[in-house]
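Remarks on the structure that follows.
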Amino acid sequence: MGKKALIVRGGWDGHQPREVSEIFDRVLREEGFETEVSDTLDALKDQDKLNGLSLIVPVWTMGTITAEQSKPVFKAVNEAGVGIAGCHGGMCDSFRENTEWQFMTGGQWVAHPGDDGVTYRVRLIKGSHPIVQGIEDFDVCSEQYYMHTDPSNHVLATTEFPLAAGPHTPNGRFDMPVVWTRFYGKGRVFYTSLGHQANIVASEPCLTIIRRGFNWAAK
């Protein structure tokens, strides 16, 4: 049986969910996945269908999700071992009121000091994972995501704060996770905070990291 992926897109238009999902769809097809792209969270209601997937890819910033829509996702990942993977606000700023979503994904956006246009260094943790193997540290001009993250995440890349001034500045310098993997029950979870808009998603090495992350997370 071939690999199957469901991309669910929507939410805040500022993150270009349509354009980003089209890039994800192309990448997944190139990697041999049979894909479906949905513009409604109701696509998540069918438990049997979700259980038969290899990967769920949310591209949905903010908004709300009902228990009827979210519980099948949690069950598919936790019990059936379906992977979930995504980027930026499309996965870790999806449903701010749903703490189980945050528990599954391993983080939640809370700020981006300096807003869009901050140039920051992404530092790969050498030897941490095949997803980042052979990739050197690189700079991105985008939003630098300040996140609340799960301490059990396996962190593959970080960025140093603070660069832009803000109420966090007196706390001094520290490393913030940018890319991580984790497990939610039997399912693999991949996330990168890179990807504010489609141009960042499509840039290298961001796209290679995402491509490898999709493949790693897939059941």
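Some notes on this structure:
- Using a cutoff of 8 angstrom between alpha carbon atoms and counting only pairs six or more residues apart, the relative contact order for the chain works out to 22 percent.
- Entries of Lys45/Lys75; Lys3/Lys126; Lys186/Lys219 with Cα pairs more than 18 Å apart: Lys3/Lys126
- In terms of its alpha-carbon gyration tensor, the stretch 16-90 comes out oblate; a/c meets the 1.5 threshold, while b/c is at least as large as a/b.
- The tail of the calculated P(r) for the stretch 9-53 beyond 16 Å holds 48 percent of all Cα-Cα pairs.
- Each part reduced to its alpha carbon centroid, the stretch 175-219 and the stretch 1-35 end up 13 Å apart.
- DSSP-defined antiparallel bridges as percent of all bridges, the stretch 3-217, nearest 5: 55
- Look at Trp60, Trp109, Trp12 and count the other Cβ atoms within 10 Å of each Cβ; fewest to most, that gives Trp12, Trp109, Trp60.
- The convex hull drawn around the Cα atoms of the chain, when projected onto a plane and averaged over every direction, covers 11.0 nm².
- Of Trp180, Trp101, the sequence from fewest to most neighbouring Cβ atoms within 10 angstrom is Trp101, Trp180.
- A convex hull fitted to the Cα coordinates of the stretch 61-115 yields 75 cubic angstrom per residue.
Every number here is computed from the coordinates shown, using simple stated rules; none is lab data. From a predicted model like this one, the values you see are computed outputs, not experimental measurements. Cβ sites come from the backbone with ideal geometry, for glycine too, and all protein chains shown count toward neighbours.
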